[in-house]
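Here is the structure we will look at, set down as structure tokens.
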Amino acid sequence: MTVSRVGLGCAQLGNLYTPIGAADATATVRAAWDCGIRYFDTAPHYGLGLSERRLGDALRTLPRQAYAVSTKVGRLLVPDRSGAGRPDPEGFHVPADQRRVWDFTADGVRRSLEASLIRLGLDRVDVVLIHDPEGHQTPALEQAYPALHELRAQGVIGALGVGSKQAQVLHRFVTETDVDAVMVAGRYTVLEQPALDALLPECQRRGVSVLNSGVFNSGLLAVADPHPGLPNEY
């Protein structure tokens, strides 16, 4: 399976830092499509499912065989009626009517993927990434990874991988498992290159694909003249 050289990260479709409307979300995806982008990355974490719903809506009329979608597992979304009047504490401008629950069990992985497919309106996703396992490496390696490995063998998912802000965590998965890809979040930019020391050479040696994300260090490098007050490191 291949993806376009450049992809669209869809955290902003979940109202990260700044709220946007549904029309702007769709227009963003369509503008990326018009530029030739055919890979779109999302996650339940992004806006408590809002990013997945908006991405699915924007892709609905486009030919499914022409694009690839990745989503993530590791956080289950659980309804929380008491949070309806509160803002989400994770930086997304959405009501906190759901809460994130860390779950790297095999059952949690399957439940997360099933819920993501419903939100996306798709019958499959092309890549599933274990999301931010830094503090949960043992269950991620011993439970989440085997579950995804089985789903890949069954053809339910196309490829599996792991995404993290820590290069050493990604390196561990590359050396101890048979992942297809790693998502390097902010660790290989013009500002920081810790992934260059061991992770990227090991990926090259093993034929593991690298999805380089957070390349603007959360916005600090997205302007011509970086200055204090810009977002950095999520």
### Message
Every residue in region 181-202 that is assigned to a helix (DSSP H, G or I) and either in contact with a strand residue (DSSP E or B) (Cβ under 6 Å, 6 or more places away or on another chain) or without any contact (Cβ under 8 Å) to a residue 24 or more places away in the chain (or both), please.
### Response
Ala195, Leu196, Leu200, Pro201
## Note on the structure
Given the conditions (1) under 19 Å from Tyr39 (Cα atoms); (2) open to solvent by 30 Å² or more (accessible area, probe 1.4 Å); (3) not in a loop (DSSP other than H, G, I, E, B), every one holds for Arg205 apart from (1)
#### Entry: Failed criterion for Arg30 (all others in (1) without any contact (Cβ under 8 Å) to a residue 60 or more places away in the chain; (2) under 21 Å from Leu129 (Cα atoms); (3) of a type in the set (Lys, Arg) hold)
(2)
### Query
If we only count strands (runs of 3 or more DSSP E) wholly inside region 43-150, which ones have 2 or more residues that are surrounded by fewer than 18 Cβ atoms within 10 Å (Cβ to Cβ) and not basic (Lys, Arg)?
75-79, 98-102
#### Entry: Those residues of region 108-164 which are closer than 28 Å to Arg54 by Cα and among the β-branched types (Val, Ile, Thr), in sequence order
Val109, Ile118, Val125, Val127, Val128, Ile130, Val156, Ile157, Val162
### Task
Considering (1) over 14 Å from the mean Cα position of the chain (by Cα); (2) in contact (Cβ under 8 Å) with a residue 12 or more places away in the chain, say which one Pro63 fails and leave the rest.
(2)
### Message
Any residue at all in region 102-110 that's touching a helix residue (DSSP H, G or I) at 6+ places or on another chain (Cβ under 7 Å) and aromatic (Phe, Trp, Tyr)?
### Response
yes
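The values are calculated or read from the model by the stated rules, or taken from the named source; none is laboratory data. In this text the structure is predicted, and so the values were computed from the model without any measurement. For neighbour counting, all protein chains shown are included, and Cβ atoms are generated from backbone atoms with ideal geometry for every residue, glycine included. These accessible areas exclude ligands, DNA and RNA; they are computed on the full protein's heavy atoms, side chains included. Shrake-Rupley method; radii C 1.70, N 1.55, O 1.52, S 1.80 Å.
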